[in-house]
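> Please find one structure pasted underneath; my questions will follow.
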Amino acid sequence: MSEKKRILSGNRPTGRIHWGNYFGALQNWVKLQDEYECYYFIADWHALTTGYEDSQDIFPSVKEIMKDWLAVGLNPKKSTIFLQSWVPEHAELHLLLSMITPLGWLERVPSFKDMQQQLNDRDLNMYGFLGYPLLQTADIVIYNAHFVPVGEDQVSHLEFSREVVRRFHHIMKKQVFVEPKPLLTSSPRVPGMDGRKMSKSFDNAIYISDEDDVVRKKMMQTITDPARKRKDDPGNPEICNIFAYHKLYTDEGTIEDIDSKCRNAGIGCVDCKKICIENALKFWKPIKEEREKWDDEEDKLLEILRDGSKRARETARETMERVRKAVHLNYK
Ligand code: TRP
């Protein structure tokens, strides 16, 4: 038995990974691999909850995400990397948990109404969408994960998971699961090109796999301090999106220099962007090279995922034995 605490986290396969995903979560996941027993998975069933009409896009996204993950350093030798639908026990646990989960709890999860409003181009008045946090609960507790590295916005999901676990234990009069806790880590703010949070759905994202020329173009389009119309207007780096990018890619000395020059109108936005672009491209170069190697190796990519799913499944099966026993469904 490993002494390490267990961590679980996942991504929905709704597209490639962008800078916001990387600095907001993935970079941290890579580090956690040395300290924890990590399970990282691709939540393809969760992608269906909002993308049920575009299900043909899911599998291509799974492959793209695998490339992104491996390129940034998620390591199948250290972590269990798997695909949700290849561990069907998640669905069985979701079903069993659904029997004891009050509807009101699901309706009260803030992201339910938020997302419905945000994605108002599709009908999300669906059973599967309402159950999103419950399926997520099953994902976590089936591995007895102690911690889930999440952003602030997911804390309410986790609180929901903890309540479901407590209720299950209470009703079945048996302790089966670990109550998962959020693992909050500070991460830098990564605005999109337009200053809103970087997100695929806002169409303001820069992706790990974007070609260098695409990155250049996107960074040239990125909004700086809007009050700075001309080069000799003084600027405010604190509200400049390029300055936020400098903080990701540029060394401290240069950042200080840019900060004061921006405030004194000693450097123009175009020159400032050029420095930032070069630093960003330098940062991503080895990662992109690593990623490209996988383009010709999709079979191997899937093998890694199958292998991880097999291992994940062993753990999931053990948990389900105990769950079935707790609900008295272990007859043979
Ligand atoms: N909700 C996560 C996302 O939007 C995906 C996810 C599904 C997840 N199940 C999870 C994350 C369990 C952490 C733990 O990307």
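The values are calculated or read from the model by the stated rules, or taken from the named source; none is laboratory data. Not measured: the values here are computed from a predicted model. Cβ: placed from backbone, ideal geometry, glycine included. Neighbour counts: every protein chain shown. Keep in mind that these areas ignore ligands, DNA and RNA; they rest on the heavy atoms of the full protein, side chains included. Shrake-Rupley method; radii C 1.70, N 1.55, O 1.52, S 1.80 Å.
> Just the residues that are under 26 Å from TYR249 (Cβ atoms), part of a helix (DSSP H, G or I) and within 15 Å of the ligand (Cβ to nearest atom), please, taken from region 24-49.
GLY24, ALA25, LEU26, ASN28, TRP29, LEU32 - these are the residues of region 24-49 that are under 26 Å from TYR249 (Cβ atoms), part of a helix (DSSP H, G or I) and within 15 Å of the ligand (Cβ to nearest atom).
> Tell me, please, whether a residue that is hydrophobic (A, V, I, L, M, F, W, C) and not assigned by TED's automatic domain parsing to the domain that holds CYS38 can be found in region 303-320. Break it down into steps so the answer makes sense when it comes.
Taking region 303-320 and keeping what is hydrophobic (A, V, I, L, M, F, W, C), we get 304-305, 312, 316, 320.
Restricting the remaining residues to those that are not assigned by TED's automatic domain parsing to the domain that holds CYS38 gives none.
There is no residue in region 303-320 that is hydrophobic (A, V, I, L, M, F, W, C) and not assigned by TED's automatic domain parsing to the domain that holds CYS38.
> Among the residues of region 56-71, write down those that are within 16 Å of the ligand (Cβ to nearest atom) and in contact (Cβ under 8 Å) with a residue 60 or more places away in the chain.
First pass over region 56-71, keeping only residues within 16 Å of the ligand (Cβ to nearest atom): 57-58, 61-62, 64-66, 68-69.
VAL62, GLU64, MET66, ASP68, listed by residue number.
> From the residues in region 179-188 that are open to solvent by 40 Å² or more (accessible area, probe 1.4 Å) and in contact with a helix residue (DSSP H, G or I) (Cβ under 6 Å, 6 or more places away or on another chain), which one is modelled with the highest pLDDT?
The initial filter retains those residues of region 179-188 that are open to solvent by 40 Å² or more (accessible area, probe 1.4 Å), namely 179, 181-182, 184-188.
Next cut, in contact with a helix residue (DSSP H, G or I) (Cβ under 6 Å, 6 or more places away or on another chain) only: 179, 182, 185, 187-188.
Numbers: GLU179: 97, PRO182: 94, THR185: 83, SER187: 87, PRO188: 89.
Ranking the candidates gives GLU179 first.
> Report, ordered by the first and then the second residue, all pairs with beta carbons closer than 7 Å, sequence separation of six or more or different chains, a first member in region 150-175 that is touching a residue at least 24 places away in the same chain (Cβ under 8 Å) and closer than 12 Å to PRO110 by Cβ, and a second member that is in a helix (DSSP H, G or I) and away from the ligand (no atom under 14 Å from the Cβ).
These pairs meet every condition: PHE160/TRP105.
> Report the residue count in region 1-42 for those that are open to solvent by less than 20 Å² (accessible area, probe 1.4 Å) and among the polar types (S, T, N, Q).
The total comes to 2.
> Given (1) open to solvent by less than 10 Å² (accessible area, probe 1.4 Å); (2) modelled with pLDDT under 95, identify the lone condition not met by SER156.
(1)
> Considering only region 104-126, how many residues are modelled with pLDDT of 85 or more, in contact with a helix residue (DSSP H, G or I) (Cβ under 8 Å, 6 or more places away or on another chain) and open to solvent by 100 Å² or more (accessible area, probe 1.4 Å)?
Residues that pass the stated criteria total 1.
> Hey, among VAL176, VAL164, which residue is away from the ligand (no atom under 12 Å from the Cβ), buried (at least 19 other Cβ atoms within 10 Å of the Cβ) and among the aliphatic types (A, V, I, L, M)? Spell out how you get there, then give the answer.
Values: VAL176 fails: buried (at least 19 other Cβ atoms within 10 Å of the Cβ).
None of the others qualify; the one that does is VAL164.
> Here's something else I'd like to know. Quick check, is GLU163 at pLDDT 95 or above, outside any loop (DSSP other than H, G, I, E, B) and over 19 Å from LYS273 (Cα atoms)? If you could, list the steps in order and put the result at the bottom.
Details: at pLDDT 95 or above: yes; outside any loop (DSSP other than H, G, I, E, B): yes; over 19 Å from LYS273 (Cα atoms): yes.
So GLU163 fits the description; yes.
> Moving on. Can you list the helices (runs of 4 or more DSSP H) lying wholly within region 78-136 that have 3 or more residues being closer than 25 Å to ALA326 by Cβ and within 16 Å of the ligand (Cβ to nearest atom)?
The qualifying helices (runs of 4 or more DSSP H) are 89-98.
> List every residue pair whose Cβ atoms sit under 9 Å apart, with the two residues 6 or more apart in sequence or on different chains, where the first one lies in region 106-129 and is assigned by TED's automatic domain parsing to the domain that holds GLY51 and the second, anywhere, is of a type outside the set (Ser, Thr, Tyr) and surrounded by fewer than 11 Cβ atoms within 10 Å (Cβ to Cβ).
Taking only residues 6 or more apart or on different chains, the pairs are LYS113/GLU107; GLN116/ASN125; ARG122/GLU53.
> Among (1) open to solvent by less than 40 Å² (accessible area, probe 1.4 Å); (2) under 17 Å from the mean Cα position of the chain (by Cα); (3) within 16 Å of the ligand (Cβ to nearest atom); (4) β-branched (Val, Ile, Thr), which single condition is ILE206 missing?
Among (1) open to solvent by less than 40 Å² (accessible area, probe 1.4 Å); (2) under 17 Å from the mean Cα position of the chain (by Cα); (3) within 16 Å of the ligand (Cβ to nearest atom); (4) β-branched (Val, Ile, Thr), the lone unmet condition for ILE206 is (3).
> Return only the number of the condition from (1) within 26 Å of LEU119 (Cβ to Cβ); (2) within 13 Å of the ligand (Cβ to nearest atom); (3) assigned to a helix (DSSP H, G or I) that GLU53 does not satisfy.
(2)
> Taking the residues in region 227-263 that are closer than 24 Å to MET198 by Cβ and basic (Lys, Arg) as candidates, determine which candidate is most open to solvent (accessible area, probe 1.4 Å).
LYS247
> Let me ask you something else. From the list LEU8, LEU48, exactly one residue is in contact (Cβ under 8 Å) with a residue 60 or more places away in the chain and more than 14 Å from the chain's Cα centre (by Cα). Which is it? Give the derivation first.
Working: LEU8 fails: more than 14 Å from the chain's Cα centre (by Cα).
Residue meeting the stated conditions: LEU48.
> What about ILE171, is it out of contact with any helix residue (DSSP H, G or I) (no Cβ under 8 Å at 6 or more places or on another chain) and either in a helix (DSSP H, G or I) or not assigned by TED's automatic domain parsing to the domain that holds GLU89 (or both)?
On the way: out of contact with any helix residue (DSSP H, G or I) (no Cβ under 8 Å at 6 or more places or on another chain): yes; either in a helix (DSSP H, G or I) or not assigned by TED's automatic domain parsing to the domain that holds GLU89 (or both): yes.
Here the answer is yes, as ILE171 does meet what is asked.
> Restricting to region 264-273, count the residues that are surrounded by fewer than 15 Cβ atoms within 10 Å (Cβ to Cβ) and in a helix (DSSP H, G or I).
2
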